[in-house]
Amino acid sequence: MADSKNNSNVSVPIPGFRGGRRNMGPVEKPKNFKNTLKRLWSYFGDERKTIIIIFALIIIDSVVVLLGPYFIGRAIDAMSLKNGKVNFNLLTITIIALTVSYIADAVLTLIQGFLVAGSSQRIVRSMRNNLFLKLQKLPVMFFDTNSHGDIMSRLSNDIDNVSTTISQSAIQLMSGVISIIGSLFMMIILSPILTVASLITVPLVFLLTKSIAKKTGKLFKGQQVELGKLNGHIEETISGIHVVKAFNHEEKTIKEFESINDRLCEVGLKAQIFSGFLMPIMNVINNIGFAAVAGVGGVLAVKGMITVGVIASFLNYSRQFVRPLNNLANVFNTLQSAVAGAERVFEILDQNEELKDEEDAKVLDKAKGNVKFENVYFGYRKDVNILKNINFDAKQGETIALVGPTGAGKTTIVNLLTRFYDVTEGEIFIDGIDVRNYTRDSLRKCFGIVLQDTYLFTGTIKENIKYGNLIASDEKIKLAAKMANAHEFIKRLPNGYDTILSESGSNLSQGQRQLLAIARAILTEPSILILDEATSSVDTRTELKIQEAMLKLMEGRTSFIIAHRLSTIRNANKIMVIDDGRIIEMGNHDELINKKGKYYHMYFNQFKNSEEI
């Protein structure tokens, strides 16, 4: 992954730059339902005009719906005259009015659905944009310590969950409240006694909703967590499918998948079962309420206190009063799932970003490439230092080689130089100024980076090379490919530079991917080069060609080479042997060989069967 054009806004390739994953522990989850819901509501701010229109339509629709039961009652009374005659004029008027109200309700509901769908998608788009923008601003440590699959799950599944809930539940929530108030008002007008009878079930509804929602909230949160783990496992398995097959771990991978999938199934089943309890029990409670209204209404009708039409209207109003209560209970239950997803999104949005540039930060333009480390200490944890008292100078145009055992701190040194991490103690200077006093954008533009693990994006070969310089012409792209000795194999591909690469460039060999990464670095025309085992994945013949191209590229540029193949760094101006986070030896090849220390033994062991020593 040659990411030589990284800046604070483009950090997708950065995770591959790390020396390895470090487990820093889980992210703290301080959110709660009320605060998360309040924060989610803040995203409705840009949709105020649309929400006002929707709210006005809901009020109009609610009034129209409230007229329906009244017209039904009037129609029944028109056919229940004491003299046995039917008032056809009244009946005709009420039937026409009832038909118009039903048609108006359908049209208004359709318009509401259209507006809510558009509004919900814009809100979710805003959330998704904010989350993706946040990911670009997070430090490398966040990606080193969190499953990439879980991050993607939050960006897709959790936000989609919020979208679905908003689009399906927003109208129910607003219309439900208005319908409850309007129905209660009409019920009181028709018969206060029947109103009291119908309200006896309301406390049961609230108690039921509260008890079930408390349980389902935890279950839906657990469901989202397990879904994130499942996505993480799938992402890692697909990305590393060649490794899985090479080690015959298909069965092991399947068992791990089944274990996570079983946990997801278990918590999802519990969540659905508990949420499914709500509606059947609510129906029982509602039927009890209707029976109470019918019984009391019958007694009042016999005594001549109300008409049959009033009872019919009241039963309809009672249903309109209770149904929104059911819907609100169901919406609140569904809302638990959306809030669980929103909470996971907000957890990322609340992560600490990379430190902002100083207000007086300088722009590093056309750096000379003089680098100095002065008393540098660094640790991924405050109590454990990985680098200890690193001191060295690199003059403009010099080649600095970093050698040593795996985990010694070589990659960490260049991570600090590029400010993917900041020092714990000490200072790092480029051209005499602390790197922390430069803007990150200008600092990272001066680097050309070629890594051992090459990362290529889905797209054409031309686009992947151009990633190093987005305004480069086709001629410059081809020139960079020629310098990296990639031009010849590119020409042999079916569509040349327009050949589409699959994810990570898996339809190319490792050596070909490395050549493209080198071409990408060449295109940046950097002041400082960082080569992290840049030739380790190619054959000896290709390595010689790459080294020849690298020598041309390194002319006049400060270069840092991390190498295990010591033959590639014999001509370095300065070789630093890193061990346990310290520089234990420093000098050129001949000096270190004559010293007969750590480097001498490394070199001797690597070439003991060769005449080079």
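Miscellaneous remarks
- Carbon and sulfur %, accessible surface of segment 333-401 computed with the full protein complex present, 1.4 Å: 41 percent
- In segment 140-273, the portion of solvent-accessible area held by carbon and sulfur atoms comes to 68 percent [1.4 Å probe, whole percent, DNA, RNA and ligands not counted].
- Averaging Cα coordinates gives a centre for segment 112-145 and one for segment 87-109; these two points are 45 Å apart.
- Calculated FRET value between ASP474 and ASN283, using beta carbons and R₀ = 45 Å, to 0.05: 0.05
- Percentage relative contact order, segment 339-430, counting C-alpha pairs under 8 Å, at least six apart: 32 percent
- You can think of it this way: the chain between ASN89 and GLN136 has 9.9 nm of extra reach, that is 0.36 nm per residue less the Cα-Cα gap.
- Relative contact order computed over the chain (Cα-Cα under 8 Å; 6+ residues apart), in percent: 18 percent
- Share of carbon and sulfur in the accessible heavy-atom surface of segment 402-522 [1.4 Å probe, %]: 50 percent
- Ordering PHE206, LEU335, LEU173 by the projection of their Cα atoms onto the charge dipole of the chain, which places +1 on the Cβ of Lys and Arg and -1 on the Cβ of Asp and Glu, puts PHE206 at the extreme positive end.
- Accessible-area order (highest first, 1.4 angstrom probe) of the listed residues TYR497, TYR377, TYR70, TYR599: TYR70, TYR377, TYR497, TYR599
- Segment 373-401 residues near the modelled ILE584 label - backbone nitrogen below 18 Å, point 7 Å along Cα→Cβ: 385-391, 401
- If both residues of a DSSP beta bridge must be in the chain, then about 55% of such bridges are antiparallel.
- Shape index of the chain: Rg/Rh, with Rg the Cα radius of gyration and Rh the Kirkwood radius from the inverse mean 1/r over Cα pairs, equals 1.18.
- Kirkwood-type radius of segment 56-191, with distances r between different C-alpha atoms, in Å: 19.0 Å
- Largest-first ordering by accessible area, 1.4 Å probe, given options ASP46, ASP365, ASP357, ASP144: ASP46, ASP365, ASP357, ASP144
- From the alpha carbon centroid of segment 401-449 to that of segment 147-161 is 32 Å.
- Residue-normalised accessible area of the chain, expressed per residue, 1.4 Å probe, Å²: 50 Å²
- Largest to smallest accessible area among THR334, THR424, THR94 [probe 1.4 Å]: THR424, THR334, THR94
- Charged side chains reduced to their Cβ positions (Lys and Arg at +1, Asp and Glu at -1) give segment 261-369 a dipole of some 1040 debye around its Cα centre.
- Taking label positions 7 Å along the Cα-Cβ direction at both LYS245 and LYS303, the computed distance is 8.4 nm, reported to one decimal.
- Rg and Dmax over the alpha-carbon atoms of segment 95-167 stand at 20.1, 69 Å.
- Extending 7 Å from Cα along the Cβ direction at LEU269 and again at PHE206 yields two label points whose distance is 3.6 nm.
- DSSP H segments from the chain that extend 24 Å or more along their own axis, Cα-based, with Kyte-Doolittle mean of 1.6 or above: 48-78
- Of GLY217, MET127, ILE306, farthest towards positive along the dipole that unit charges on Lys, Arg, Asp, Glu beta carbons give the chain: ILE306
- Helix-only CD estimate at 222 nm, as mean residue ellipticity for the chain, using -39500 (n - 2.57) per DSSP H run (n ≥ 4): -20000 deg cm²/dmol
The values are calculated or read from the model by the stated rules, or taken from the named source; none is laboratory data. Predicted model only: the values in this text are computed from it and were never measured. Neighbour counts are summed over all protein chains in view; Cβ atoms, including those assigned to glycine, are modelled from backbone coordinates with ideal geometry. Ligands, DNA and RNA are excluded from the accessible area calculation, which covers all protein heavy atoms including side chains. Shrake-Rupley method; radii C 1.70, N 1.55, O 1.52, S 1.80 Å.
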